[in-house]
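Asker: Pasting a structure below so you can have a look.
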Amino acid sequence: MEVKIRNRSRVMQVLALAMFLSLVWAYAQLEWGVPHTVKRNVLQSRGSILASDGSVLARSVGGQRVYPQGVLAGQVVGMMGETDGLEGLEAAYNRSLQAGENLKLTIDPKTQAAAEAALAQGVKEHHGEYGSVVIIETLTGRVLAAASYPPFDPNNWRNYSAETRRNRPFLDTYEPGSTIKGLIVAAALNEGLTTPTTTYSTPMERYVGGRWGSTIHDAVAHPATLTTKEILRYSSNVGMSHLVENLTADKERAYLSNYGFGQDVQIPVVATATGRLQRPSEWTDLVRVTSAFGQGMSSTTLQLAAAYNTLANDGLYISPRLVEGTPASERREVIRPESARTIRGLLQAVIAEGISSAAGLKGYALAGKTGTSQVAVNGKYSDRLFDSVFAGFFPADAPRVTIAVTVHGATTNYHGSMLAAPIYKKIAASVISNWAAAPQQLPNP
Amino acid sequence: MTTRLPLNFDTAPATWQWRTLRYLSIYLLLAITLIAVRYKTQHVRPNLLDLQKQEATLLTQRDNLEIAVQVAVTPQRIQEWAAANGMIHFAESPKAARDLGQGAPLNLPTTNNNTIEVKTQWK
């Protein structure tokens, strides 16, 4: 009997040991094997990010995240960590991508490539620090390109600094400078305060702002009197000071606000900067005048493009959008269609009569305005650090595309007409060539 | 509670031995058949696993090739190639206007003035 019991207890011991060892084996599998598999599966099942023509910007292959287009829209797309998106759209749309859904963007690869190439060439030639470009489809607000320089390749994101990974067109704010003149003249036309042929006395400098005022200067030599059309062509600050004399601070601020400055851009999920408009209580006479040529406020390239798109789109502001299938979040009429048509003619004349070699293409009606703004360093405007800006659209009579360009920190030929305008021209040439639009003999604007 | 066996139930040892042998042989036959089938098809599962591995490898290769193609034809590369080969944008090409004058009159086919009269009678 005792022998029988001993044998049975041996069998039980062996069984218990076997069960214990199987537990150890299972735990070891959990510890070493499964997490790797889980990570691989999470990455493999992650949705792709596609451009508007269906080409792949981000995709999972063999358990790895790859970006076939390399630097193309690198900052917009962002990059992946171990299992989650870290920056850009990879982070903003992390949840839906993890659920296996594809994300189709409004970005057009050809337009994006054209913007990146022109921007890179301009920044390098003029020894700039960085730059950005935004291109918007006029009628829909679809963002066709959002380019940053220096370029960023998400495939090797660890090799790039946080500065380079920054989605500059959406996040960098700066003073838009004289590009604002086009928008303010449109507001004055809309209010019936001026016409294209209204004449103003325009010395090269003028004291404005009463007791706490300051003397404003013009950079480009011009006649002693200028029409509204010529104020834009010569980019006269003095002329603008006259032009806004009857535009109240409240109204001027409201127009700028309606153009989207100092407001959040209503792009769902994606991070954008708000920029700055001074508070209504701070709008002295001096602020009213300096705001008319883009000083004392700040904007992103995206906001500037959206504001100019309002002029291109018959006065209707449409919030930009980056993802296909999402409707524009905001639509509002800022100026009347006839005012928009008038300002489009004036902005066409800026290029045709002023900077045709820098920003014009023979046979095509391009419109736009340059800006050169000093950068504030330690509360004072630097005389060595500049932002070169351009905003415009084409074709001027029935715009299809709006473009804003900014280059920061160029040390040679940094004026808007010398740097940002040629970038605009190069992009326009590429876009028009893609359209295969035939040149036309244009009447004088 | 006790169970009563039917009266004609054969409980003879010889009968049960025979039954045991019969069923045991059937069991052994089935077991041998199973083992034989398993032996005959032992290559199927390793082959299946191999094929699954091959499929995974081919899928990865296909994905990698797709990406290689996309990388090769990115708009940047095409633009760079075009610029390096001296091409310019169509919109930037030099343009000239020329008056082509009045074109030669077109020899349009003469219109046939024959008419057809149709009378409709309603009944």
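Throughout, read-outs are computed from the coordinates displayed, never taken from laboratory work. Please read these numbers as outputs of a predicted model, since none were measured by experiment. Note that each Cβ is placed from the backbone with ideal geometry, even for glycine, and that neighbours are counted across all protein chains shown.
Asker: What do you get for the angle between helix A:179-190 and the principal long axis of chain A? Use alpha-carbon atoms, 0 to 90 degrees, nearest ten.
Answerer: Relative to chain A, helix A:179-190 is tipped by roughly 60 degrees.
Asker: Let me ask you something else. Can you tell me the order of A:418-429, A:195-206 when each peptide is scored by its average per-residue count of other Cβ atoms within 10 angstrom, highest first? Each step should come with its number before you reach the end.
Answerer: Numbers: A:418-429: 26.5, A:195-206: 15.2.
The densest-packed peptide leads the list: A:418-429, A:195-206.
Asker: Tell me the angle of helix A:2-28 to the major Cα principal axis of chain A, expressed in degrees between 0 and 90 and rounded to the nearest ten.
Answerer: Taking the Cα atoms of chain A, the angle to A:2-28 is about 10 degrees.
Asker: Just to check I understand the Karplus step: with θ = phi - 60° and J = 6.51 cos²θ - 1.76 cosθ + 1.60, what whole-Hz values come out for the range B:74-82, glycine and proline as x?
Answerer: 5, x, 4, 5, 5, 5, 4, 4, 4
Asker: Taking every pair of Cα atoms in the range A:156-210, average 1/r, invert it to obtain the Kirkwood radius, and report Rg/Rh to two decimals. Don't skip to the answer; put the middle values down first.
Answerer: Working: Rg = 20.1 Å, Rh = 15.8 Å.
That ratio equals 1.28.
Asker: From the C-alpha gyration tensor of the range A:96-193, pull out the three semi-axes of the equivalent ellipsoid (sqrt of 5λ each), sorted largest to smallest, in whole Å.
Answerer: Three semi-axes, in Å: 30, 21, 13.
Asker: Using amide H atoms built in the peptide plane, which far-off residues or other-chain residues are under 5 Å from A:Ala410 H to H?
Answerer: A:Glu129, A:Phe386, A:Ser388
Asker: Working from Cα positions, state the angle (0 to 90°, nearest 10) between the long axis of helix A:109-125 and the longest principal axis of chain A.
Answerer: Once rounded, the angle reads 70 degrees.
Asker: Cross-link list A:Lys39/B:Lys40; A:Lys124/A:Lys380; A:Lys110/A:Lys251; A:Lys229/A:Lys251; A:Lys104/A:Lys229: which exceed 32 angstrom alpha carbon to alpha carbon?
Answerer: Beyond 32 Å between Cα atoms: A:Lys39/B:Lys40; A:Lys110/A:Lys251; A:Lys104/A:Lys229.
Asker: Using the number of other C-beta atoms within 10 angstrom as an exposure proxy, rank A:Glu324, A:Glu163 with the fewest first.
Answerer: Neighbour counts put them in this order, fewest first: A:Glu163, A:Glu324.
Asker: A further question follows. Taking H as built 1.01 Å from N, whose amide H comes closer than 5 Å to the amide H of A:Val323, not counting residues under 5 places away?
Answerer: Residues meeting the criterion, in which the H sits 1.01 Å from N, are A:Thr106.
Asker: Across peptide A:66-72, what mean number of C-beta atoms from other chains lies inside 10 Å of a residue's C-beta?
Answerer: 5
Asker: Still on this structure: Expressed as a fraction of 2.2 N^0.38 Å, the rule-of-thumb size for a compact globular protein of N residues, what is the C-alpha radius of gyration of chain B?
Answerer: 3.42
Asker: Here is a further query. Search the structure for amide H atoms under 5 Å from the amide H of A:Met80, placed 1.01 Å from N in the peptide plane, and list their residues when 5 or more places away or on another chain.
Answerer: For A:Met80, whose amide H was placed from the backbone, the distant partners under 5 Å are A:Leu86.
Asker: What are the extents of the Cα atoms of chain A along their three principal axes, listed from largest to smallest and rounded to whole Å?
Answerer: That works out to 125, 54, 40 Å along the principal axes.
Asker: Ranked from highest to lowest mean number of other Cβ atoms within 10 Å per residue, what is the order of the peptides A:129-140, A:301-312, A:214-225?
Answerer: Result, highest mean first: A:301-312, A:129-140, A:214-225.
Asker: Within a 10 angstrom radius of each residue's Cβ in B:76-88, how many Cβ atoms of other chains show up on average? Whole number is fine.
Answerer: Going residue by residue through B:76-88 and averaging, the value is 2.
Asker: So for B:Glu66, A:Glu230, A:Glu87, A:Glu2, fewest C-beta neighbours within 10 Å to most, what's the order?
Answerer: Details: B:Glu66 14, A:Glu230 24, A:Glu87 21, A:Glu2 6.
Ordered by Cβ neighbours within 10 Å, fewest first: A:Glu2, B:Glu66, A:Glu87, A:Glu230.
Asker: Let me ask something else about it. Using packing as a proxy for protection, rank A:283-291, A:360-368 so that the peptide with the highest average count of other Cβ atoms within 10 Å comes first.
Answerer: The packing order, highest mean first, is A:360-368, A:283-291.
Asker: How shielded is A:429-435 by partner chains, expressed as the average number of their Cβ atoms within 10 Å of its Cβ atoms? Numbers along the way, then the final one.
Answerer: Numbers: counts 6, 6, 2, 4, 6, 4, 2.
Mean shielding count: 4.
Asker: With a 10 Å Cβ neighbour count serving as the proxy for reagent exposure, in which order, fewest first, do A:Lys369, B:Lys95, B:Lys123 appear?
Answerer: Fewest to most other Cβ atoms nearby, the residues stand as B:Lys123, B:Lys95, A:Lys369.
Asker: Further question on the same structure: To check my understanding: the extent here is largest minus smallest coordinate of the Cα atoms along each principal axis. What are those three numbers for the range B:17-89, in Å, largest first?
Answerer: 101, 13, 10
Asker: Over the range A:28-129, what per residue volume does the convex hull of the Cα atoms give, in whole Å³?
Answerer: Details: hull volume 11.2 nm³, N = 102.
Convex hull of Cα atoms, per residue: 110 Å³.
Asker: Can I ask one more? Dividing the convex hull volume of the alpha carbon atoms of the range A:356-445 by its residue count, what do you get in Å³ per residue?
Answerer: Convex hull of Cα atoms, per residue: 99 Å³.
Asker: How high is the relative contact order of the range A:245-336, in percent, counting Cα pairs under 8 Å that sit 6 or more residues apart?
Answerer: Across the range A:245-336, relative contact order equals 29 percent.
Asker: How high is the FRET efficiency from A:Val3 to B:Glu55, r the C-beta distance, R0 60 Å, rounded to 0.05? Each step should come with its number before you reach the end.
Answerer: Values: r = 57 Å, r/R0 = 0.95.
E(calc), rounded to 0.05, equals 0.55.
Asker: Something else: If the viscosity is 0.890 mPa s and the temperature 25 °C, what translational diffusion coefficient in µm²/s does Stokes-Einstein give for the range A:49-90 when Rh comes from Kirkwood over Cα pairs?
Answerer: 235 µm²/s
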